[in-house]
Amino acid sequence: MKHFFNRRDSIVTEALDGLLRTTPPGRLARLDTYPDIKIVLRADWDKSRVAVVSGGGAGHEPSHAGFVGRGLLTAAVSGEIFASPSVEAVLTAIRAVTGEAGCLLVVKNYTGDRLNFGLAAERARTEGFKVEMAIVADDIALPDLPQPRGVAGTLFVHKIAGHLAESGADLATVADAARAAAVDIASLGVSLSSCSIPGQPFKERLGAQEGELGLGIHGEPGVERIPLQPVADILALMSARLAPHLDAGADYALLINNLGAVTPLEMSLIAEAVLASQLGRGVNLVIGPAALMTALNMNGFSLSFLRLDAARAAALTAPAEPLAWRPAVETGTVEVLPAPAAPPVETSAASADAAVEAVIRRVCATLTGLEDELNRLDARAGDGDTGSTVAMGARAVEMRLPTLPLADTAATLKAVGAELGTAMGGSSGVLLSIFFTAAAQAQAEGGALPAALLAGLERVVFYGGAAPGDRTMIDALDPALKALAAGSLLTAAEAATAGAEATKAMVRARAGRAAYVGARDLEGSPDPGAVAVARVFEALARRG
């Protein structure tokens, strides 16, 4: 798997410096201990309040350095990727930020973190520092594990401890609140992939149709592999695992965490599914969805639940300075406002014409039958959706057939244009709506159908900016309509087919999405829009 980096041994230090350079001035700094000791701390810290320190291996960004700032962490100690920071690194952080008020270490329950943070705390105490430690073991994936892992629920503890420390609470108060919160957190993750470490060989252990429930934030295997399935079904599995750890009737805060590679679109869908499910019933506050504690590029998400009381709710909703933090918000309903009424549209009464209906059905059947082929062709140049978009429009028109004024050609063209403008997405729907609407106007003014269709094409060229030779549907539609006006449907079909075939040699598109794609990706592949036009004319010519 490919990654962006310079050298393996400088990935973490360069990333931390990138964070510092892109944070508003005066907020963050680092100690001059690179490369062995990597510590990011508040630049404005005066040691007058309790310091809250956390950290761990890199690869979980924005955790932990991304959460250093007022209202959250005082300092973060980073190891190398997925490697705990050393005892000396943690001890150096304690020395750097701890004053008379003392220091709380927030530690995820992994052996390396417990040992290194624990020994650092012991040594700091011998130097006269007041140090307490809160260990977070929120992962419920492996119920029989004597030492559950600490995962994204740790962020709840960061926020609660950071808020109390910023408010001036003493070390005992901050530590007690952190430990109590840690006990009341339950987290569970699911992923469709493991993660790859920059500079190291990667082999995916999951099959193309597999996911994994309960895997760790370092890519370690989960409790079970599961088949790829709808989000609602995945959430049902997660709900069954989480239910024994959640109290019915209690109020909860929910942290929806992107483990690294889930798209924002999917994360919003996941958030909706969670809040609409059984898991969302007791949720009063939501943090996310966002990438908060990642596992490099893992294609998965985790859910963390914290039992709420008034003090915890106040801490979670209090302002925090770090840019990476996602504020907690109250859950609510989807607000739906009425759309403004459109002006009345003059419509023509439905009428019958068997010949026209047969033509429309033939065109619609041809286009829906091309869905997979056009998607495959479009994937060479874009997002692979041309076939689906065209098929959607064809199905919409076919469903409207009983209501169309088929005996009135101009009115039918106008109605088809209106339907495509609504039913089809992207530029294709708009262009085809322009085509049929302009053709309808020309037909209503007394022109013959071939001439009316050419008038529609002229408007498409004007608004869309494409011309013959630009590798679009125009390369098939323009010669076809000109041949139709001058000859027969058969010659039009031949012209459309030749035009579509010619786009294979047009390796530099000058319009449409393909214009953004290199010649190597287009060579030998016809334009999907031109193919659709050619197939329609071929189907109509066969019908005669």
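The values are calculated or read from the model by the stated rules, or taken from the named source; none is laboratory data. Keep in mind it's a predicted model, so treat the numbers as computed, not measured. For neighbour counting, all protein chains shown are included, and Cβ atoms are generated from backbone atoms with ideal geometry for every residue, glycine included. The accessibility values were calculated without ligands, DNA or RNA, using every heavy atom of the protein model including side chains. Shrake-Rupley method; radii C 1.70, N 1.55, O 1.52, S 1.80 Å.
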Q) Residues of segment 56-70 with amide nitrogen under 19 Å from the 7 Å Cα-to-Cβ point of ARG123? A) 56-57
Q: Describe numerically, in nm with one decimal, the distance between label points set 7 Å from Cα along Cα→Cβ at LEU20 and at GLU501.
A: 6.5 nm
Q) Once amide H atoms are built 1.01 Å from N in the peptide plane, which residues 5 or more positions from ILE226, or in another chain, come under 5 Å H to H? A) GLY211, GLU212, LEU213
(Q) Quick check on segment 380-496: take the gyration tensor over C-alpha atoms, sort the square-rooted eigenvalues as a ≥ b ≥ c, and tell me if it's rounded (a/c under 1.5), prolate or oblate. (A) oblate
Q) If one computes P(r) from the Cα atoms of segment 127-255, what percent of pairs lie at distances over 21 Å? A) 52 percent
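Considering all alpha-carbon pairs of the chain, what whole percent are spaced by more than 42 angstrom?
Values: 62134 of 147696 pairs.
Result for the distance tail: 42 percent.
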Q) When the chain is fully extended, how far beyond the present Cα-Cα distance does THR263 get from ALA83, taking 0.36 nm per residue of separation? A) 62.1 nm
**Q.** For segment 38-180, fraction of C-alpha pairs farther apart than 23 Å, in %
**A.** 24 percent
Q: Per residue of segment 263-276, in order, report the coupling 6.51 cos²θ - 1.76 cosθ + 1.60 (Karplus, θ = phi - 60°) as ³J(HN,Hα) in whole Hz, putting x for Gly and Pro.
A: 5, x, 4, 5, 5, 5, 4, 4, 4, 4, 5, 5, 5, 8
Q) Hey, what did segment 241-345 get for relative contact order, percent, Cα under 8 Å, at least 6 apart? A) 35 percent
Q) Which of rounded, prolate, oblate describes segment 258-336, given a ≥ b ≥ c as roots of the alpha-carbon gyration tensor eigenvalues and a/c under 1.5 marking rounded, otherwise prolate only if a/b is larger than b/c? A) oblate
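So what's the net charge close to VAL151: Lys and Arg +1, Asp and Glu -1, counting the other residues with Cβ under 13 Å from its Cβ? Don't skip to the answer; put the middle values down first.
On the way: positive: LYS108, ARG149; negative: ASP113, ASP138, ASP139, GLU220.
With Lys, Arg at +1 and Asp, Glu at -1, the net is -2.
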Q) With axes computed from alpha carbons, what is the tilt in degrees of helix 474-486 against the longest principal axis of the chain, rounded to the nearest 10 within 0 to 90? A) 10 degrees
Q) What is the calculated FRET efficiency for PHE202 to VAL329, with r their C-beta to C-beta distance and R₀ = 51 Å, to the nearest 0.05? A) 0.90
Q. Each label point is 7 Å from the Cα along the Cα-to-Cβ direction; what then is the distance between the points at VAL336 and ASN6, in nm?
A. 5.4 nm
Q: Would you pull out the residues with amide H under 5 Å of ALA51's amide H, same chain only if 5 or more places away, H placed 1.01 Å from N?
A: GLY99, GLY102, CYS103, LEU104
Q | Extension gain (nm, one decimal) between ARG225 and LEU449, 0.36 nm per residue minus Cα-Cα | A | 74.6 nm
Q) All other residues with a Cβ under 12 Å from the Cβ of HIS163 taken together, and with Lys, Arg as +1 and Asp, Glu as -1, what is their net charge? A) +2
Q) Roughly how many Å is it from the Cα centre of segment 471-496 to that of segment 177-255, as a whole number? A) 56 Å
Q: Please find the FRET efficiency linking GLU458 to ALA358, where r is the Cβ-Cβ separation and R0 is fixed at 22 Å, and quote it to the nearest 0.05.
A: 0.20
**Q.** Three-way shape label, segment 16-106, alpha-carbon gyration tensor, a/c 1.5
**A.** oblate
Q. What is the local net charge at GLY79, summed over the other residues whose Cβ is closer than 11 Å to its Cβ (Lys, Arg +1; Asp, Glu -1)?
A. -2
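With all protein chains present, how much of the accessible area of the chain (probe radius 1.4 Å) comes from carbon and sulfur, to the nearest whole percent?
That fraction is 56 percent.
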Q: Taking H placed 1.01 Å from N in the peptide plane, check which residues at least 5 places from ALA58 or on another chain put their amide H under 5 Å from its amide H.
A: GLY79, GLU80, ILE81, PHE82, ALA83
**Q.** Those lysines that a straight Cα-Cα span of less than 18 Å connects to LYS414, excepting residues fewer than 8 apart in one chain
**A.** none
Q: Taking only protein heavy atoms into account and a 1.4 Å probe, give the accessible area per residue of the chain in Å².
A: 46 Å²
Q | Packing-based order for 331-342, 26-37, 468-479, 532-543, using average beta carbon neighbours within 10 Å, highest first | A | 468-479, 532-543, 26-37, 331-342
**Q.** Under the Karplus curve 6.51 cos²θ - 1.76 cosθ + 1.60, θ = phi - 60°, whole-Hz ³J(HN,Hα) for segment 404-416, x wherever Gly or Pro sits
**A.** 7, x, 5, 6, 10, 4, 4, 5, 5, 4, 5, 5, 5
Q) For the pair GLU346 and ALA276, how long in nm is the line joining their label points, each one 7 Å along Cα→Cβ? A) 4.1 nm
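Please tell me which of these pairs span more than 31 angstrom C-alpha to C-alpha: LYS159/LYS203; LYS38/LYS130; LYS38/LYS159?
LYS159/LYS203
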Q. In sequence order, what are the phi-derived ³J(HN,Hα) couplings for segment 309-325 according to the Karplus relation 6.51 cos²θ - 1.76 cosθ + 1.60 with θ = phi - 60°, rounded to whole Hz, with x for glycine and proline?
A. 9, 4, 5, 5, 4, 5, 5, 5, 8, 5, x, 9, 7, x, 5, 6, 6
Q) With contacts defined as alpha carbon pairs under 8 Å and 6 or more residues apart, what's the relative contact order of the chain in percent? A) 10 percent
Q.
Suppose every Lys and Arg Cβ carries +1 and every Asp and Glu Cβ carries -1, with no other charges. What dipole size does the chain come out with about its Cα centre, to the nearest 20 debye?
A. 640 debye
Q | Distance between segment 90-167 and segment 314-379 - C-alpha centres, whole angstrom | A | 48 Å
Q) For SER488 and ALA379, what does the FRET efficiency come to when R0 = 35 Å and r is the distance between their Cβ atoms, rounded to the nearest 0.05? A) 0.50
